[in-house]
1. Report yes if residue 209 is part of a helix (DSSP H, G or I), at pLDDT below 95 and over 30 Å from residue 291 (Cβ atoms), otherwise no.
2. Just one of the numbered conditions (1) crowded, with 19+ Cβ neighbours inside 10 Å; (2) more than 37 Å from the chain's Cα centre (by Cα); (3) on the phi < 0 side of the Ramachandran plot is not true of residue 129; which one?
3. Could you please find all residues in the range 380-391 being closer than 24 Å to residue 162 by Cβ and buried (at least 20 other Cβ atoms within 10 Å of the Cβ)?
4. At pLDDT below 95, under 30 Å from residue 279 (Cβ atoms), surrounded by 17 or more Cβ atoms within 10 Å (Cβ to Cβ) and within 41 Å of the chain's Cα centre (by Cα): which single residue out of 394, 369, 460, 375 fits that description?
5. So, restricting to helices (runs of 4 or more DSSP H) that lie completely within the range 1-120, which ones have at least 3 residues that are in contact with a helix residue (DSSP H, G or I) (Cβ under 9 Å, 6 or more places away or on another chain) and either at pLDDT 75 or above or over 30 Å from residue 151 (Cα atoms) (or both)?
6. When the residues of the range 419-457 are filtered to those that are assigned to a loop (DSSP other than H, G, I, E, B) and in contact with a helix residue (DSSP H, G or I) (Cβ under 8 Å, 6 or more places away or on another chain), which remaining residue is surrounded by the fewest Cβ atoms within 10 Å (Cβ to Cβ)?
7. Can you tell me which of (1) modelled with pLDDT under 90; (2) in a helix (DSSP H, G or I); (3) over 22 Å from residue 461 (Cα atoms) is the one residue 235 doesn't meet?
8. Among the residues of the range 414-425, are any at pLDDT 90 or above and within 30 Å of the chain's Cα centre (by Cα)?
């Protein structure tokens, strides 16, 4: 009988540990996406792409615009959105330290005073005991959980996963802010140039309207031409007003991104300095994208955290071993509390083994596995989206660059025609009206070229963001 009881106890313990249900994760994270064929095909165009390194941490300095660099650095330093994410990093680190404390013994100093006044009936039964007495306890108590199955260690690793996630999200927030500031900066600059060009077109149309009025006064022209020119002037005035409104909106959005008063003035002037250098495409983009994208690093940290939480759920099926104790003094006389005769150590070992919890532990394990697989699926989707952003960014930049090349040639051709027509007018060979028409055609072509230049800047910045924006290159 004495043998059967311990054997039965061991059997129940082992059966409880074994009955965990599903404990394997079937979904694996994707390591890379093969997009090198796209990259290799584009590097052949040396005028636009060259083989190079990943974007630098301060990638904006490559644009050689001090105002842009100053604005981005100011935004990263003063933006409330960045400060908010930075505070979350500090909170995650503090929470990790809290979880880490479970790996060590918990020690507390204590002092207890228990006052007892015995009832008359009890005092009659124990007359030798003082009816009114105090019970003093002083010392240190401690508790410690032996982490045989790694539960507390995995909880700590999971908390470190939160820290890594928030740190990666902090870097991602800086990348998102810097690219947004850069795109808004070029929106501002291009809109200012567009206002100047449309103002020149409006001035040109006003001259045409004056000519039509003059011809109509001398009964050479007709009222239809006058009204058409007046309509054209009104259309351009409305377009100019819309551009000025757009400029004001860009200003307020730009100042807000910098964490400043949106109604404040800009600290720089408008200058459309176009400088395009060949874009550097790093080798093995798909293979190294994980290490270069902060959002992918954040999601991978979530994957690792969820895997650690699965391990925690598994460890809950095994026995927990705790040790509690007290090292101190107890006495009825306060004056003798710290004497050697009052010394009272105590030690309480506790072993707990889950036997029946109504399926809670198995359900908890299934939940943690399902959550982990869901996070892995999200990561796999994100890495596909990241690769797609790179492919689309390369394609968009190539397309805009090709269109811009055609437009630059068109502007050059139209400029020659405009200059020749101006010469012919000054020599009395051609009319002023024809000269104004040629000038306006050149201005419209220049306006479209500015928009394509803005789109190219936008495509470059988006491709820099798709390639990680300097993350991992510190």
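The values are calculated or read from the model by the stated rules, or taken from the named source; none is laboratory data. This structure is a prediction, so every number in the text was calculated from the model and none was measured. Cβ sites come from the backbone with ideal geometry, for glycine too, and all protein chains shown count toward neighbours.
1. Against the criterion (part of a helix (DSSP H, G or I), at pLDDT below 95 and over 30 Å from residue 291 (Cβ atoms)), residue 209 qualifies.
2. Among (1) crowded, with 19+ Cβ neighbours inside 10 Å; (2) more than 37 Å from the chain's Cα centre (by Cα); (3) on the phi < 0 side of the Ramachandran plot, residue 129 violates only (1).
3. Answer for the range 380-391, where residues must be closer than 24 Å to residue 162 by Cβ and buried (at least 20 other Cβ atoms within 10 Å of the Cβ): 383, 386.
4. On inspection, the qualifying residue turns out to be 394.
5. So the answer is 36-43, 66-78, 80-100.
6. Across the range 419-457, the extreme among qualifying residues is 431.
7. (1)
8. Checked against the condition, which is being at pLDDT 90 or above and within 30 Å of the chain's Cα centre (by Cα), the range 414-425 yields no hits at all.
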